[in-house]
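Data first, discussion second: the structure below is written as structure tokens.
The values are calculated or read from the model by the stated rules, or taken from the named source; none is laboratory data. Note that the coordinates shown come from a computational prediction; the quantities given were computed from them, not determined experimentally. A quick note on method: Cβ atoms are made from the backbone with ideal geometry, for glycine too, and the neighbour counts reach across all protein chains shown. Heads up: the accessible areas ignore ligands, DNA and RNA and are worked out on the full protein's heavy atoms, side chains in. Shrake-Rupley method; radii C 1.70, N 1.55, O 1.52, S 1.80 Å.
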Amino acid sequence: MNGGNATWLASISAMFLIYYHLTDWRIATVGSALGALVGGSAAHLQTHALPTAIPEQNLVIIAFAWGIAFLLGASSANLRRTRLINTLSTMGVMAHELRTPLATINLMGDVLRTLAQHDIPEAKRKKIEDLSARLQNLVRNMNRQIDTQISNAQLLRLPREQSPIMAAELVQEVVHDYPYRSTRERECVQIHLQQDFCFLASRPLFVQVLSNLLKNALHSLASASQPPKPGDLRVYVGVHRSKGRIAVSDDGVGIAHEQQDRIFEPFFSTQSGAGTGLGLTFCKNAVESAHGTIRVHSEPGLGAVFMVDLPLNRTTTT
């Protein structure tokens, strides 16, 4: 409606550059196309005629500005991805290096357990055995964290082999093998098998996914005012709307509404001073690699539910 004058031309060119710089290139491309469509429609409704044709030389300038903006947006996205991959790769290397001292600590736990079998008073023997068990439990927990960080470092770069997985068996394995800090913590977890199903995914990745969700739920329960009791953490296995669902539900402190949209972002953590902020990011990436989705529903003070929905592998679903 302005005849394609120089001021409009400069504004539209600057808009492309700023839009692609400030947002993801995919969003900017869709937004630009929709903007052109809406603008043309609005002009048509206003004048009841087709908008004024843009001079050919102006179209060349606009196309050039859009091309440069597109390249800027794509290169910025690649740079962010490269930085994230390099950061996770460094974390993976550091995680590998931590295994050596952890193996030594685990050996010390074995030595303590052996010493407790000698002529030591019953009271001291029980304390030593308890200390050894806690030490080795800590080592197992740290090794799980290392596996998670290594998987984070590899997930963005390496293809993952997928195999049929029975959901109930996977959940039972993870719940049984999880390194609980106490008997009370173990007893608060209950499995509710509504309907078993099979899905295609990387088993090691999904072991880490469920371990991360259990860890977060147990941390939420530990932050509550009351000690956990049986049934405070529930893991459901079933089928919902033609998709398999694994849901981890807890009665902990919950998640603030303003944080729920960000909890799957890299390096964002609801645990002040604790956690790397990569656990749920890893869960999201792993679930999406199996063509599934992960969502959260939470009310502050009333707990949280993490729902993992996965396509069914109907060839072996029971």
Students sometimes get this wrong: rank Asp110, Asp261 by accessible area, probe 1.4 Å, all chains present, largest first. Asp261, Asp110
If you count, for each residue, the other Cβ atoms within 10 Å and average over each peptide, how do 170-182, 244-256, 25-37 line up from highest to lowest? 244-256, 170-182, 25-37
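How high is the FRET efficiency between Arg203 and Leu135 when r is their beta carbon distance and R₀ equals 35 Å, given to the nearest 0.05?
Numbers: r = 29 Å, r/R0 = 0.82.
Given R0 = 35 Å and the Cβ-Cβ separation, E is 0.75.
Can you give the translational diffusion coefficient of segment 163-309 in µm²/s, computed by Stokes-Einstein from the Kirkwood radius over Cα pairs at 25 °C and 0.890 mPa s? Could the numbers behind the result be given before it?
On the way: Rh = 15.4 Å.
Once the numbers are plugged in, D ends up at 160 µm²/s.
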Run the numbers for His291 and Thr104: contour at 0.36 nm per residue of separation, minus the present Cα-Cα distance, in nm. 63.3 nm
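May I ask you to compute the full-extension gain from Ser75 to Thr90, defined as 0.36 nm times their residue separation minus their alpha-carbon distance, rounded to one decimal in nm? Display every interim value, and only then the final one.
Numbers: separation 15, 0.36 × 15 = 5.40 nm, distance 2.24 nm.
Length gained between Ser75 and Thr90: 3.2 nm.
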